[in-house]
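Worksheet: one structure, shown below.
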Amino acid sequence: MITNIDNVLLIKYMRKELSESENQQVVDWLQEKDENKPFLFGLKEAYMLSRWEELSDKAETKAGWNELKKSLRNNQPSSRKKYLRVGFKYAAVLILLLAIGFIMHSLFQKQQPQYTKIETASGQQSTLTLNDGTIVRLNQNSKLIYPKSFNQHTRNVTLQGEAYFEVAHNAKKPFLVNVGCYTVKVLGTKFNVNAYSGDICSYTSLKEGKVQIVDNKEGHKVLSELKPGTQLGYNRNTGNYAVKSIDINAIANWRLNQIVIRNQKLGTVAEMLSSKYGYTIDVNNCKIEKLMYNITIEKEPLDEILSDIQCVTPQVHYYIDHERKWVIIK
């Protein structure tokens, strides 16, 4: 396959309008690959054929042109000679356009990024390093889509689920994490994104540096600019969002197989337990939904966590069905 070159240089080459530096670029390109030479000379031949009539009229002493004209005159009727020249000319132009179109198509194909997808199952985590040096730790039941190599202007990835990012700093190429309802825009920082598709709310927590939260709706308005130790919660159903201060040391503790819950309502605790253990957990008593809890979870089984909740708040009762992976709290 031919290698990349500016189409303008090829056109200027055929028209003999190259500057000295541009001529050197074409020479260098010709030496890059064997396929480049026949391709360029084929283009030039097609270009010359498209100018057959013009060039033949200018040729004064070249026997080749005269001989060709004489041959055509002796063997073809005048009208056929005319149509032949016209047809030859437009066929050559067509070849030239197709060749240039091939170049543009090849370049377009080359510019299209090739994407890679990585997914984690329940109870599984994964760590990967992107080609810019950014480190991503993917939590369970999550999916990250990213290009094999970033383009010249931005670094775009798409996340479904939860991941912790340590973004390599590059002031000229922002790092963008699209979670569906909004995009996290950073230059270089450490942050956690929790954006499971089945959850009503998505959360972005900043551990170090600075990030912008950009609405994915029309206008791409900046919703907020987070500082370390703050978290933005976004309601997918209503579009409402709020920023609050959190314990910076508790951010992404799931990486240590640890979940730290501080001053969270029972409804939120149920969501976090559901995500960690893969159970459906329903809170069927509105009177207990606002009870607040502080819990640190490491490797304890779900039964033990529920038992501890019942111990500190005796008004809470629960039923667990391990076969169906279903919990009712009432």
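For segment 225-297, run through the trypsin sites (Lys or Arg not before Pro) and keep only the ones in DSSP coil with at most 10 other Cβ atoms within 10 Å of their Cβ. Please list the in-between numbers first.
Values: sites: 236, 244, 255, 262, 265, 276, 287, 290; in loops: 236, 287, 290.
When the trypsin sites (Lys or Arg not before Pro) of segment 225-297 are filtered for loop state and at most 10 Cβ neighbours within 10 Å, 287, 290 remain.
Given 185/265; 173/244; 117/276; 117/299; 173/217; 37/148, which pairs have Cα atoms separated by over 25 Å?
Values: 185/265 30 Å; 173/244 28 Å; 117/276 22 Å; 117/299 29 Å; 173/217 22 Å; 37/148 31 Å.
Over 25 Å apart, Cα to Cα: 185/265; 173/244; 117/299; 37/148.
Considering only 197, 327, 223, the residue lying farthest towards the positive end of the dipole of segment 197-330 is 223, judged by Cα position with unit charges set on Cβ.
Taking a 1.4 Å probe, which of 280, 189, 154 shows the most accessible area, and what order do the others take after it?
Numbers: 280 75, 189 5, 154 40 Å².
Solvent-accessible surface, decreasing: 280, 154, 189.
Computing FRET efficiency as 1/(1 + (r/R0)^6) for residue 122 and residue 32, where r is the C-beta to C-beta distance and R0 is 45 Å, gives about 0.35. Per residue, segment 171-215 exposes 37 Å² of solvent-accessible protein surface, assessed with a 1.4 angstrom probe and all protein chains in place.
Once neighbouring chains are kept in place and the probe is 1.4 Å, which whole percent of the accessible area of segment 211-330 is contributed by carbon and sulfur?
Values: 3340 of 7120 Å².
Within segment 211-330, the accessible surface is 47 percent carbon and sulfur.
Each label was represented as a point 7 Å from its Cα along the Cα-to-Cβ direction; for residue 310 and residue 169 these points are 5.2 nm apart.
Under the simplified labelling scheme, the residue 330-residue 298 pair shows an inter-label distance of 3.5 nm, with each label point 7 Å from Cα along Cα→Cβ.
The values are calculated or read from the model by the stated rules, or taken from the named source; none is laboratory data. Keep in mind that what you see is a predicted model, and the values were worked out from it rather than measured. Every residue, glycine among them, receives a Cβ derived from its backbone with ideal geometry; neighbour counts consider all protein chains shown. Accessible surface is based on the protein model in full, side chains and every heavy atom, while ligands, DNA and RNA are left aside. Shrake-Rupley method; radii C 1.70, N 1.55, O 1.52, S 1.80 Å.
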